[in-house]
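**Student:** Dumping the structure here so I can ask a few things about it.
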Amino acid sequence: MTKKKIVIVGGGYVGFEVAKKLDAYADVTLIEQREAFVQPPAAIRALVEPTLLDKIILPYDNLLESGKVVRGRAVSISQTQVSLDSGAVFPADFFVIATGSSYAAPFKPSGDSIADFRQASMDVSGRLARATSVAIVGAGAVGTELAGEISAAQPGKTITLISSDDTLFPKYPAGFGTQLKRKLERLGVTVILGQRVQDLRHLDRPYEGSVTLADGSVITADLVFPVIGSKPQTSLVQSLPGVTSGTAGRVETDKWLRPSDYPNVFVAGDIANVGDGMTIVATTRQNPWLIKTLKKVIDGASVEKQKPYVPWKRAPILVPLGPVIGNSWLFATFGDWITRMMKGKALFIPKYRRAFGFTDADK
């Protein structure tokens, strides 16, 4: 019996896992513009531990057993096929668009070249090692973890973490952010809250210079990191009929993660405005639902008869401040030991290496 064809666009945390889990159930094609997957949370620590780059850049060569990974940029999609900029066309029965988001360098690749990402990370790592003062603008998970990683690995630097919010992680119980602030301050980090930066020189890369806060005070640093959030990459899905944009430029979906008039096209991850944050944790809820639903649909079931997707009410979060300390919210606030064992110690690197067919002995 001929297998149903599924084309997945985007090989990030949604795309690679959905492709891998469906590999035995369908004729899977994963389209990804880069030759390797990069683990963004571990890219933070790689700035103070550059040897990690070899462990967190994972080629797609061994991801799938039956399906195929095609390197290319998708430029259009219809109800029947995806077209690449090369002119290649991939027909399918079902499509998943998971094109993700962009972020300031060097936390994610800014283009298609993994070599450029590696070089950017190494360059910033060298500049960071030489810096005596660092300002981090943005105190979400990336900014907070960056402050913790630098202070843990390179003590003695003057580190300032700046947030426009009045508390750290204001969407979580107050104790979670309060404890993180206290731990950062014990590491020597100055945490400035409720102050918006007026004059970021660059939004996409770190630079040497100064920033002016809303109250007029000026902070000068050898390295200023702009860490002000992800930008969803929605250009491909925006071309579909019936698509509407929601919060932060993400696309709206129906109850089954479908964004358009096409009943066989699904979206997930950072581009989907379904109530989840633009975080890896969101994919741990979306991916299982999407995999389960697609398996049933492949077998001939109606999408509309499947259980609708329900987002996290408040997603778990793990925020290590280096390899030893940190805080997690797992429907209650947990401290150093849980955060260290679940994330801080290994940053999930072994898990993703195994998923891509690597072992600890592989380089």
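The values are calculated or read from the model by the stated rules, or taken from the named source; none is laboratory data. Remember, it's a predicted structure, so these values are computed and weren't measured experimentally. Methodologically, a virtual Cβ is constructed for each residue, glycine included, from the backbone with ideal geometry; neighbour enumeration extends over all protein chains shown. Please note that ligands, DNA and RNA were not included when accessible areas were found on the heavy atoms of the full protein model with its side chains. Shrake-Rupley method; radii C 1.70, N 1.55, O 1.52, S 1.80 Å.
**Student:** Counting residues that are farther than 22 Å from G15 by Cβ, open to solvent by less than 20 Å² (accessible area, probe 1.4 Å) and not basic (K, R), which strands (runs of 3 or more DSSP E) fully inside the range 45-151 reach at least 2?
**Tutor:** Where strands (runs of 3 or more DSSP E) fall fully within the range 45-151 and carry at least 2 residues being farther than 22 Å from G15 by Cβ, open to solvent by less than 20 Å² (accessible area, probe 1.4 Å) and not basic (K, R), they are 133-137.
**Student:** Additional query: Restricting to the range 217-231, what's the tally of residues that are out of contact with any Leu (no Cβ under 9 Å at 6 or more places or on another chain) and either at pLDDT 95 or above or under 18 Å from L146 (Cα atoms) (or both)?
**Tutor:** Of the range 217-231, the ones out of contact with any Leu (no Cβ under 9 Å at 6 or more places or on another chain) are 217-218, 220-221, 229-231.
Among the residues that remain, those that are also either at pLDDT 95 or above or under 18 Å from L146 (Cα atoms) (or both) are: 217-218, 220-221, 229-230.
Selection size over the range 217-231: 6.
**Student:** Sort out which residues of the range 1-31 are in a loop (DSSP other than H, G, I, E, B) and more than 23 Å from F107 (Cβ to Cβ), and write them in order of number. Lay out the reasoning, then the answer.
**Tutor:** Here is the first cut: in the range 1-31, the ones in a loop (DSSP other than H, G, I, E, B) are 1-4, 10-12, 23-26.
Residues satisfying the conditions are M1, T2, K3, K4, D23, A24, Y25, A26.
**Student:** Can you tell me which residue within the range 281-305, out of those that are open to solvent by 30 Å² or more (accessible area, probe 1.4 Å) and under 30 Å from V319 (Cβ atoms), is farthest from the chain's Cα centre (by Cα)?
**Tutor:** Across the range 281-305, the extreme among qualifying residues is K292.
Matching residues to (1) more than 17 Å from T284 (Cβ to Cβ); (2) hydrophobic (A, V, I, L, M, F, W, C):
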| residue | (1), (2) |
| --- | --- |
| V7 | yes, yes |
| F16 | no, yes |
| A19 | no, yes |
| D27 | yes, no |
| A46 | yes, yes |
| P50 | yes, no |
| D54 | yes, no |
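**Student:** Then there is this: T178: in contact with a Leu (Cβ under 8 Å, 6 or more places away or on another chain), open to solvent by 40 Å² or more (accessible area, probe 1.4 Å) and not in a helix (DSSP H, G or I), yes or no?
**Tutor:** no
**Student:** Residue under question is R34, and the condition is that it be touching a helix residue (DSSP H, G or I) at 6+ places or on another chain (Cβ under 8 Å), in contact (Cβ under 8 Å) with a residue 24 or more places away in the chain, of a type in the set (D, E, K, R) and in a loop (DSSP other than H, G, I, E, B); does it hold?
**Tutor:** So R34 fits the description; yes.
**Student:** Still on this structure: Filter the range 317-363 down to residues that are more than 28 Å from K171 (Cα to Cα) and charged (D, E, K, R) and give me whichever is most open to solvent (accessible area, probe 1.4 Å).
**Tutor:** K363
**Student:** Restricting the range 250-280 to residues that are open to solvent by less than 30 Å² (accessible area, probe 1.4 Å) and small (G, A, S), which is farthest from G140 (Cα to Cα)?
**Tutor:** Result: S260.
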